[in-house]
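Structure, as structure tokens:
Nothing in this text is a laboratory measurement; each read-out follows from the coordinates by a stated rule. The model shown is predicted, which means the values in this text are computed figures rather than measured ones. Ideal geometry is used to build each Cβ from the backbone, glycine not excepted, and the neighbour counts take in all protein chains shown.
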Amino acid sequence: AQSVTQLDSQVPVFEEAPVELRCNYSSSVSVYLFWYVQYPNQGLQLLLKYLSGSTLVKGINGFEAEFNKSQTSFHLRKPSVHISDTAEYFCAVTPWGDYKLSFGAGTTVTVRA
Amino acid sequence: NAGVTQTPKFQVLKTGQSMTLQCAQDMNHNSMYWYRQDPGMGLRLIYYSASEGTTDKGEVPNGYNVSRLNKREFSLRLESAAPSQTSVYFCASSDPYGLQSVTKREQYFGPGTRLTVT
């Protein structure tokens, strides 16, 4: 079985400042990794995913994440946030050979002017 | 393409009432899923359907039933609603073994149904 821990439940940040959202996972097998974003009162939208290859993954809206196998982490970063980045962010994993996702508890990012 | 659609958007039930949440996708995906979202708990899988004609329990199946009506549609039924089932419900679909590597493993989500049981 696998599990996902998002280390921060709430992250307040000022506009144009950088942000990092931390995600650690545990699994006995290799996994695929995802970050999803949920804007207020909407469904989830994929930001980026790591399947294989380069450990630095770039996604939509200027976000990127780095897969670190030795630390079992997949942290999400953005160098300069906008008010429109206010949302809840979810890290998720699925083992190779499976397709069901396990989600973290989510991190709420609030961007202030 | 509409993607994944869900009805209704909002619902209020009294304890003991029953209802069915509807979900449809137009992406020709084989796999479909029902999740519930509760504050501080992320999304938890209720039931899933790997392909048309099959359904399996997820992490939190108690109190729910599902039907995979055809390849497009996957419904979730609450037979006797309880206040503990107050939640936001999301349907999702994916084509996990599809040929398009860009969309491989990605789940596409509907807009959600906000259910309150009083």
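A few comments on the model shown:
- Using C-alpha pairs under 8 Å with a sequence gap of at least 6, the mean separation divided by the residue count of chain B gives a relative contact order of 34 percent.
- Ordering A:PHE34, A:PHE103, A:PHE90 by the number of other Cβ atoms within 10 Å of each residue's own Cβ, fewest first, gives A:PHE103, A:PHE90, A:PHE34.
- Put the Cα centre of the stretch B:59-94 next to the Cα centre of the stretch A:1-50 and the gap is 25 Å.
- GNM on chain A, alpha-carbon springs under 10 angstrom: the most fluctuating residue among A:LEU76, A:LEU46, A:LEU21 is A:LEU46.
- Amide H contacts under 5 Å for A:LEU48: A:TRP35, restricted to partners 5 or more places along the chain or on a different chain, H placed in the peptide plane at 1.01 Å from N.
- Average beta carbon contacts from partner chains per residue of A:26-37, 10 Å cutoff: 1
- Loop-located trypsin sites (Lys or Arg not before Pro) in the stretch A:5-113 (DSSP state other than H, G, I, E, B) with a sparse environment of at most 14 neighbouring Cβ atoms within 10 Å: A:LYS69.
- Taking every residue in A:82-95 and counting other chain Cβ atoms within 10 Å of its Cβ, the average works out to 1.
- Coupling constants for the stretch A:97-112 follow from the phi torsions by the Karplus curve (6.51 cos²θ - 1.76 cosθ + 1.60, θ = phi - 60°), and in residue order they are x, 10, 9, 7, 8, 10, 9, x, 6, x, 10, 8, 9, 10, 9, 10 Hz; glycine and proline get x.
- Partner shielding of B:46-53 amounts to 1, given as the average count of beta-carbon atoms from other chains within 10 Å of each residue beta-carbon.
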